[in-house]
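Engineer: This is the structure, below, for whatever I ask next.
The values are calculated or read from the model by the stated rules, or taken from the named source; none is laboratory data. None of the values given here were measured: they were computed from a predicted structure. Here the Cβ positions follow ideal geometry from the backbone for every residue, glycine too, while neighbour counts run over all protein chains shown.
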Amino acid sequence: MNSVLYVTTTFPTLAAFIENEVKRLHDRGVRVRVVTLRPPGREYQPEHAPLLALTRDVGSPLSAEGWFALLRWLFRRPHVLVPAVLRVLWASRGSVYALAGHAGYLPAAARVAEIAEREDFERVHGAWAHFPATVAWLAARLAGRRFSMAAHAGADLYRTQAFLPDKVREADFVTACVRGNAAMLRAMEPRGRVEWLYHGTDLARFGGVRRARAGSASLLVVGRLAPAKGFADAVLALGELRKRGLSPALVVVGDGPERERLAALARHAGVEAQVEFRGSLSHEELLPLYASAWLLLAPSKVIANGRRDGIPNVVIEAMAAGVPVVGTRATGIEEAVTPGVTGALAEPGDPRSLADAIEPLLRDPDAIERMGAAARAAVRERFDAAVNFERLVALFGGAPVRAEGGGCA
């Protein structure tokens, strides 16, 4: 494969897993470009700043350029455009969210198709399974290009599944970064080629962290401050641990709509002095926190609209750095964390269960060291980004691949 056109939501971002793919492809000499359905990101890892030059926003439904592009395709290939659009809209009829999104991004698909044709990209790749994959599918059909897609979790798989079986069936391949999601997609459309492929993490960066565990107990949460992350349960678990005579610190890294609510919960639970909000940090700024944390908490849960995590990338980063993880049995974290070996698991949405999982580890620092070493070994075995990237390259090239093994935001 010599060229690929990625379609995603916003880019670049702090999450960095799609960014890492694009950077590795670019460094490999593949001609790669990214088109976004929202304006380019304003927060991203510093090493990904050069990727902005590869990025173009095509998503606004108010853009006259998009509607003109759609009209051009209507004149050039009505026999392709009209049936394809009707298929997508008919499949979306049961969901206002899906219908509005698919209709609103039709001009974007037309623009992506023109870019693919004009710049002679071999493949159009939907980096998320919902609207980006639909845009990529339609663009590939209009421009006569190959189509593939990635599936993660949350909004792209579970908020709506309108038109999802069609995309799975017609893609060259679909990658899923959670084994349970791969199984779901295979059951949904047995004729599709669905490959279970973890993102992985940078072992040179995170695996090289020298642990210097803080003298007093310190817990860490990292991610967007949003309901599906379950960070409110982490704050409430502090209150439960306090009743049991334990007062660990909780360092909160990230920003988002839950920031004020989390602060209010900490005040109400009487643990305000234990909680420190650090805002969004780069990977390099995170390394000292991984070095000193006793445990990483990942209390993810499924919320009412279907949003959820997969395997948060921070789980794999922390494990690579030798930090045991206390997560939940909710969304895929159980694929990474082995209870009693690399951490512990709690019930989602249950602060008391989370405290039950944390307490014995805080009382046994030697177990934290043993689990940290086991976590490093587990990541080296299954979650090496360099190894998993080669599997992705093989898929892009059409080769058969045994796609296994870290992290899905």
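Engineer: Take the range 189-209 and flag every residue that is part of a loop (DSSP other than H, G, I, E, B), surrounded by fewer than 20 Cβ atoms within 10 Å (Cβ to Cβ) and modelled with pLDDT under 95.
Structural biologist: Of everything in the range 189-209, those that are part of a loop (DSSP other than H, G, I, E, B), surrounded by fewer than 20 Cβ atoms within 10 Å (Cβ to Cβ) and modelled with pLDDT under 95 turn out to be ASP202, GLY207, GLY208.
Engineer: Do the conditions hold for TYR158, that is, is it modelled with pLDDT under 95, in a loop (DSSP other than H, G, I, E, B), buried (at least 22 other Cβ atoms within 10 Å of the Cβ) and of a type in the set (Phe, Trp, Tyr)? Break it down into steps so the answer makes sense when it comes.
Structural biologist: On the way: modelled with pLDDT under 95: yes; in a loop (DSSP other than H, G, I, E, B): yes; buried (at least 22 other Cβ atoms within 10 Å of the Cβ): no; of a type in the set (Phe, Trp, Tyr): yes.
So TYR158 fails the test.
Engineer: Any idea which residue in the range 161-188 is surrounded by the most Cβ atoms within 10 Å (Cβ to Cβ), counting only those that are closer than 30 Å to GLU284 by Cα and in contact with a strand residue (DSSP E or B) (Cβ under 6 Å, 6 or more places away or on another chain)?
Structural biologist: Here the answer is ALA176.
Engineer: Now for a different question. Determine if the range 92-103 includes at least one residue that is aromatic (Phe, Trp, Tyr) and within 27 Å of ALA15 (Cβ to Cβ).
Structural biologist: There is at least one residue in the range 92-103 that is aromatic (Phe, Trp, Tyr) and within 27 Å of ALA15 (Cβ to Cβ).
Engineer: Kindly evaluate GLU117 against the criterion of being over 26 Å from ALA16 (Cβ atoms) and assigned by TED's automatic domain parsing to the domain that holds GLY29.
Structural biologist: Criteria met by GLU117.
Engineer: Turning to a different aspect of this structure: Please indicate, with yes or no, whether at least one residue in the range 24-40 is under 18 Å from the mean Cα position of the chain (by Cα), closer than 16 Å to SER3 by Cβ, surrounded by fewer than 20 Cβ atoms within 10 Å (Cβ to Cβ) and among the charged types (D, E, K, R).
Structural biologist: Scanning the range 24-40 turns up at least one residue that is under 18 Å from the mean Cα position of the chain (by Cα), closer than 16 Å to SER3 by Cβ, surrounded by fewer than 20 Cβ atoms within 10 Å (Cβ to Cβ) and among the charged types (D, E, K, R).
Engineer: May I pose another question? Which residue pairs have Cβ atoms closer than 6 Å, lie 6 or more positions apart in sequence or on different chains, and pair a first residue in the range 7-25 that is on the phi < 0 side of the Ramachandran plot and hydrophobic (A, V, I, L, M, F, W, C) with a second residue that is in a loop (DSSP other than H, G, I, E, B) and crowded, with 22+ Cβ neighbours inside 10 Å?
Structural biologist: The qualifying pairs are ALA15/ALA409; PHE17/HIS199; ILE18/ALA127.
Engineer: Does GLY29 fit the bill of being modelled with pLDDT under 95 and not hydrophobic (A, V, I, L, M, F, W, C)?
Structural biologist: Numbers: modelled with pLDDT under 95: no; not hydrophobic (A, V, I, L, M, F, W, C): yes.
No.
Engineer: Continuing with the same structure: Of the residues GLU276, GLU285, GLU260, which is at pLDDT 95 or above, surrounded by fewer than 18 Cβ atoms within 10 Å (Cβ to Cβ), over 23 Å from the mean Cα position of the chain (by Cα) and farther than 20 Å from LEU362 by Cβ? Lay out the reasoning, then the answer.
Structural biologist: Values: GLU276 fails: farther than 20 Å from LEU362 by Cβ; GLU285 fails: over 23 Å from the mean Cα position of the chain (by Cα).
Checking each option against the conditions leaves just GLU260.
Engineer: Only one of ALA98, ALA108 is of a type in the set (A, V, I, L, M) and touching a Gly at 6+ places or on another chain (Cβ under 8 Å). Can you tell me which?
Structural biologist: ALA108
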